[in-house]
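Inspection log for the structure reproduced underneath, given as structure tokens.
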Amino acid sequence: MRRGIGHRLNRVLTQRRPVGTPTGSGGKTTTWVTVGTVRCRVSQPSAAERVAARQQGAVHTQPVYCAPDADVRRGDELVDTDTGETWRVKAVIYPSVRVYLRADCELIQAEGDT
């Protein structure tokens, strides 16, 4: 019997998606629309992974795991409204058997008042 990953999804994040609106003069304005919430698990990269990425001049992505039927897309943002942390989805990946959805994200830390 295969067990799902639902019991491991220990966070609820607000999901936002960019929507473009024509400006009327050939450009467009992008606004963020709240799609809903998504249950997920945010995995922390190891120190070794961060160092290796930095040495290679790469931006290290942080995996966020969701249920396989979650409608998470590249370009979406996943936001923790309590901490202000935001993860921008860079890629969405499924394993060979769709038991979860992995969203590789870039963490955008909230700015504090100074």
Accessible-area ranking of 72, 97, 12, largest first, probe 1.4 Å: 12, 97, 72
Exposure of residue 28 as accessible area (Å², to 10), given a probe of 1.4 Å and all protein chains: 150
Accessible area expressed per residue, region 63-108, with surrounding protein chains retained (probe 1.4 Å, Å²): 51
Gyration tensor (alpha-carbon) shape descriptor, region 67-114, a/c threshold 1.5: prolate
Extension gain (nm, one decimal) between residue 30 and residue 90, 0.36 nm per residue minus Cα-Cα: 19.8 nm
Label-point separation, residue 98 to residue 14 (7 Å along Cα→Cβ), nm: 2.9
Candidate residues 5, 93: accessible-area rank, largest first, probe 1.4 Å: 93, 5
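The values are calculated or read from the model by the stated rules, or taken from the named source; none is laboratory data. These figures come from a predicted structure and were not determined experimentally. Every residue, glycine among them, receives a Cβ derived from its backbone with ideal geometry; neighbour counts consider all protein chains shown. Ligands, DNA and RNA are excluded from the accessible area calculation, which covers all protein heavy atoms including side chains. Shrake-Rupley method; radii C 1.70, N 1.55, O 1.52, S 1.80 Å.
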